[in-house]
Amino acid sequence: MIEVEGLTKRYGKKTAVDGLSFTVGPGMVTGFLGPNGSGKSTTMRMIIGLDEPTSGSVTVNGRRYRDIPAPLGEVGALLEARSVHTGRSAANHLLALAQTHGISRRRVSEVIDMVGLREVARKRAGGFSLGMGQRLGIASALLGDPSTVILDEPVNGLDPEGIRWIRNLLKGLATEGRTVFVSSHLMSEMALTAEHLIVIGRGRLIADTSVADFIHSASANTVKVRSPQASGLRDLLVSADVTVEAGASDTLVVTGLTSDQVGRTAAENGIVLYELTPQQASLEEAFMDLTRDSVEYHADVPTAQSATGTPS
Amino acid sequence: MTAVTDAGTGGSGPQAQKSMQARSEPAVRVTQLRVMRSEWTKLYSLRSTRYSLLAALAVTIGLGILISWGSASHWDEENPGERLSFDPTLTSLSGIFLAQLAVGVLGVLIVSGEYSTGMIRATMAAVPRRLPVLWAKAAVFAAVTFVLMTVASFVAFTGGQAMMASTHISTTLSHPGVLTAVIGGGMYLTVVGVLGVALGALLRSTAGGIATLFALLLVLPIIVLFLPSNWQDHINKYLPSNAGQSILNVVHDPSVLSPWTGLALFCGYALLALAGAAALLRRRDA
């Protein structure tokens, strides 16, 4: 269980995390989603006490990380940046971490087998591929058999085999009753593994929702209508809860009504329809919609709206 | 879901695992002693440690014996003044002046190497109170350096005196001050090592740490040479390296501090740097 309360981190004038509050519960995978530079890594670093919050608090199982007598036994973390001395072997790296807690050599050997690094355990970690490095990071995270696991972009740079391995691992850890908190900037990846989502942008909380709800709201009622009487239909449909955008000459995009409702309104008023299509926004689009205003670095390309003509 | 077990969470839940550990082993938690054991593992498991310490040993012994041999074979050419101030102990320990670089650089690397590779994040996640790590690094490295370099100091002394025995300019451990100087060789290098650890932690960079260490030990005495001479007399003996090296002198030199006073002052400098490193380590983001 991770509890974040009014968490704020400033580096000089720049605010990386801005009054963030959320709770991550046990027994499921919680996705931590946001564009690059939105403050995910900073938040995770504050959870494990690497960075001190400017204000606010963050606790794990009710305690500040620094106050936990056996931190590796409660929280295992895989950070985005590599945290291994390149000159040391994987086995010695894990042994040194284990020794700070009095964790046995048997457990070190266990986690090496668990992540499949047995053959290279005696090799210098500096020579490891990205995938092997991630596996070693996960081995360190699992060393203390922690009830909470935090992983920052664990699938970054992994091959499909490695990605599938991580997905299964995360689900397995959650099934065992652990709190699993995973950051990503890929919505599609989270949709496959997470049950709950925390979405942030520019250091602020944007959404704290179940993945099911998010998917539901993402595929919100957008209906594409093509009609020779587009402007007439538009006047009939528009209301407080319904917005209608005009696309190309005879096309409307209706938000807030189902295709059934649009069809009925057209029929009742004798309006001819050429096309009536419910639009399923992809998760990635929904995520981008949600975070559009909070993306740190924009590429200067024309948006879909300006490309298809702005609504009058 | 079979893939989950394949992925190898071991099939055992956190609870099952914990109760097993509780039964068979002492409680899993961070203690200062355990952090020291961890730092010992970190120290011996790097190649740079072995090479640096080997270099320090070789230089202390090899150079000490070589210079002793040189002094003995050119003794006839020395003038009476030089003969009078000749210190056979210091001569046989002269390799220490080079060995201090290897020891000091290794001290810096023990900390700065963790910053440059990112290891420091794993270290601090394991020991979030942080200070036990600094104490453990300093203590373990000090212990290793003291044992190895005191042995090297004795070997250099013995070998060096053997070189000088034929010209009857050698000395023995039973002469006053000699034993202090020989053990002092190990002690001086130990404090240099601790100073390196402190500078590594203060500056968090290998280049910065090494440059500062060299500036303190080697450059400062040179800069003082350019000061007016009556200032020099007041400042020179209090410089870190001069204070620390006073323990190596058996023949008394009025321009340096007495052996133990000098070493104590040098320890003071190192501890001051270590205290500064500790204060910053707690406060800074990793």
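Listing for the model above:
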{"quantity": "Which listed residue is buried (at least 20 other Cβ atoms within 10 Å of the Cβ) and either under 23 Å from residue A:23 (Cβ atoms) or more than 14 Å from every other protein chain (Cβ to nearest Cβ) (or both), from A:188, A:183", "calculated": "A:183"}
{"quantity": "Boolean, residue B:243 is within 17 Å of the chain's Cα centre (by Cα), closer than 20 Å to residue B:97 by Cα and surrounded by 14 or more Cβ atoms within 10 Å (Cβ to Cβ)", "calculated": "yes"}
{"quantity": "Pick from the stretch A:122-179, criterion among the β-branched types (Val, Ile, Thr) and away from chain B (no Cβ under 11 Å), ranking: nearest to residue A:22 (Cα to Cα)", "calculated": "A:155"}
{"quantity": "Number of the condition not met by residue A:132 [criteria: (1) of a type outside the set (Phe, Trp, Tyr); (2) modelled with pLDDT under 95; (3) closer than 29 Å to residue A:4 by Cβ]", "calculated": "(3)"}
{"quantity": "Number of the condition not met by residue A:134 [criteria: (1) over 21 Å from residue B:128 (Cβ atoms); (2) surrounded by fewer than 19 Cβ atoms within 10 Å (Cβ to Cβ); (3) out of contact with any strand residue (DSSP E or B) (no Cβ under 6 Å at 6 or more places or on another chain)]", "calculated": "(2)"}
{"quantity": "Residue within the stretch B:196-204 that is surrounded by fewer than 14 Cβ atoms within 10 Å (Cβ to Cβ), in a loop (DSSP other than H, G, I, E, B) and within 14 Å of chain A (Cβ to nearest Cβ) present", "calculated": "no"}
{"quantity": "In the stretch B:160-214, the residues that are of a type in the set (A, V, I, L, M) and over 30 Å from residue B:131 (Cα atoms)", "calculated": "B:162, B:163, B:164, B:165, B:169, B:173, B:178, B:179, B:181, B:182"}
{"quantity": "Count of the stretch A:79-107 residues which are in contact (Cβ under 8 Å) with a residue 12 or more places away in the chain, part of a helix (DSSP H, G or I) and of a type in the set (Gly, Ala, Ser)", "calculated": "3"}
{"quantity": "Residues of the stretch B:220-232 classified as surrounded by 13 or more Cβ atoms within 10 Å (Cβ to Cβ) and assigned to a helix (DSSP H, G or I), total", "calculated": "4"}
{"quantity": "Candidates B:181, B:142, filtered to the one that is out of contact with any Lys or Arg (no Cβ under 6 Å at 6 or more places or on another chain), surrounded by 20 or more Cβ atoms within 10 Å (Cβ to Cβ) and on the phi < 0 side of the Ramachandran plot", "calculated": "B:181"}
{"quantity": "Residue match in the stretch A:66-84 (condition: surrounded by fewer than 17 Cβ atoms within 10 Å (Cβ to Cβ) and away from every other protein chain (no Cβ under 11 Å))", "calculated": "no"}
{"quantity": "Close pairs from the stretch B:144-166: first over 24 Å from residue B:45 (Cβ atoms), partner modelled with pLDDT under 95 and of a type in the set (Ser, Thr, Tyr), Cβ under 6 Å, at least 6 apart", "calculated": "B:161/B:170; B:164/B:170"}
{"quantity": "Residues of the stretch A:247-272 satisfying the condition of being aliphatic (A, V, I, L, M) and over 14 Å from residue A:236 (Cα atoms)", "calculated": "A:248"}
{"quantity": "The stretch B:258-286 residues that are within 14 Å of chain A (Cβ to nearest Cβ) and on the phi < 0 side of the Ramachandran plot, paired with ones that are surrounded by fewer than 18 Cβ atoms within 10 Å (Cβ to Cβ) and part of a helix (DSSP H, G or I) (beta carbon under 7 Å, 6 or more apart)", "calculated": "B:281/B:131; B:282/B:131"}
{"quantity": "Matching option when the condition is on the phi < 0 side of the Ramachandran plot, modelled with pLDDT under 95 and hydrophobic (A, V, I, L, M, F, W, C), among A:33, A:7, A:20", "calculated": "A:33"}
{"quantity": "Residue A:39 over 23 Å from residue B:28 (Cβ atoms) and buried (at least 18 other Cβ atoms within 10 Å of the Cβ)", "calculated": "yes"}
{"quantity": "The lone exception for residue B:206 - which of (1) under 11 Å from the mean Cα position of the chain (by Cα); (2) closer than 16 Å to residue B:52 by Cα; (3) not aromatic (Phe, Trp, Tyr) it fails", "calculated": "(1)"}
{"quantity": "Checking residue A:12 against (1) touching a residue at least 60 places away in the same chain (Cβ under 8 Å); (2) surrounded by fewer than 24 Cβ atoms within 10 Å (Cβ to Cβ), the condition it does not meet", "calculated": "(1)"}
{"quantity": "Residues that are of a type in the set (Ser, Thr, Tyr) and at pLDDT 95 or above, drawn from the stretch A:88-129", "calculated": "A:89, A:100, A:104, A:109"}
{"quantity": "Spans of helices (runs of 4 or more DSSP H) in the stretch B:42-150 with at least 2 residues away from chain A (no Cβ under 14 Å), at pLDDT 95 or above and farther than 30 Å from residue A:74 by Cβ", "calculated": "B:47-73, B:88-92, B:96-117"}
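The values are calculated or read from the model by the stated rules, or taken from the named source; none is laboratory data. In this text, all values refer to a predicted model and were calculated from it rather than measured experimentally. Every residue, glycine among them, receives a Cβ derived from its backbone with ideal geometry; neighbour counts consider all protein chains shown.
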